Amino acid sequence: MRTHRATTGSTALPVDIVELPEPLFDAAVRLWHDSGLTRPWNDPDEDLRRAVRSAGSTVLACVAEGQLLGTAMVGHDGHRAWVYYVAVRQDQRRRGLGRRLMSACADWAAGCGVPKVQLMVRTGNEPVLAFYERLGFQTEQVVVLGRRLL
Ligand SMILES: CC(C)(COP(=O)(O)OP(=O)(O)OC[C@H]1O[C@@H](n2cnc3c(N)ncnc32)[C@H](O)[C@@H]1OP(=O)(O)O)[C@@H](O)C(=O)NCCC(=O)NCCS
């Protein structure tokens, strides 16, 4: 399993970005609930376990002194990398952790040889677009279609 690790002095505590360790799985799902990222039709526990089981995806975690501060799920389909469940604990926002998580996702994707990283923002969560724009993401002229299989 690949590890994407970095440390920073940009927050009060030393922070590592690592692949989400199993003892923090429940904390990750709690963070996703608390951050408004879960929906009744998705099972976040299953989403997490599927992502960490697969060779083509992982969940990156921002961790300080064993505490989970943030997450980002990243995976690729052989063509593009997609990012999901980007969340930073409310009391840790605006300290650069979201930027570092997204940068770790980009490094992970580049390490897999895919040339582009992208993500979807739900209708209703438009205020977060300013965060992604600061990181160099651009709104693209596409409509995403989906059909549930399960
Ligand atoms: C989006 C989120 C992950 C950002 O995390 P964060 O750690 O606060 O972000 P950072 O501190 O790394 O911010 C990076 C840049 O974006 C800017 N930014 C962050 N949130 C912003 C916001 N809501 N509006 C405008 N700019 C924002 C910061 O000012 C910073 O700019 P700079 O580095 O150029 O000065 C966090 O707000 C969050 O968890 N939101 C709830 C979950 C969510 O909506 N996730 C996205 C799902 S698509």
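The values are calculated or read from the model by the stated rules, or taken from the named source; none is laboratory data. From a predicted model like this one, the values you see are computed outputs, not experimental measurements. Backbone-built Cβ (ideal geometry, glycine too); neighbour counts: all protein chains shown.
Some notes on this structure:
- Residue in the range 99-110 that is more than 22 Å from A61 (Cβ to Cβ) and hydrophobic (A, V, I, L, M, F, W, C) present: no
- Count - residues of the range 69-123 that are farther than 21 Å from D26 by Cα, among the aliphatic types (A, V, I, L, M) and without any contact (Cβ under 8 Å) to a residue 60 or more places away in the chain: 10
- Residue-level check: of (1) within 16 Å of the ligand (Cβ to nearest atom); (2) at pLDDT 95 or above; (3) small (G, A, S); (4) under 22 Å from Y132 (Cα atoms), S57 misses just (1).
- Among all residues of the range 101-119, there is at least one that is near the ligand (Cβ under 8 Å from one of its atoms), out of contact with any His (no Cβ under 9 Å at 6 or more places or on another chain) and within 21 Å of V15 (Cβ to Cβ).
- Here is the figure for the range 28-49: residues that are acidic (D, E) and more than 16 Å from the ligand (Cβ to nearest atom) total 3.
- Filter pass, R122 being away from the ligand (no atom under 16 Å from the Cβ), loosely packed, with under 15 Cβ neighbours inside 10 Å and outside any strand (DSSP E or B): no
- Any hit, the range 3-11, residues being charged (D, E, K, R) and modelled with pLDDT of 95 or more: no
- Subset of the range 16-60 that is in a helix (DSSP H, G or I) and aromatic (F, W, Y) - its residue that is farthest from the chain's Cα centre (by Cα): F25
- Test: residue in the range 90-104 that is more than 17 Å from the chain's Cα centre (by Cα) and not in a loop (DSSP other than H, G, I, E, B): yes
- Some residue of the range 71-85 being at pLDDT 95 or above, part of a loop (DSSP other than H, G, I, E, B), touching a Pro at 6+ places or on another chain (Cβ under 9 Å) and among the hydroxyl-bearing types (S, T, Y): no
- Selection within the range 46-85 - surrounded by 13 or more Cβ atoms within 10 Å (Cβ to Cβ) and acidic (D, E): D47
- For first residues located in the range 18-39 and under 25 Å from E126 (Cβ atoms) and among the small types (G, A, S), partners that are modelled with pLDDT of 95 or more and assigned to a loop (DSSP other than H, G, I, E, B) and lie 6+ apart or on another chain with Cβ distances below 9 Å form the pairs A28/L20; S35/R89; G36/N125.
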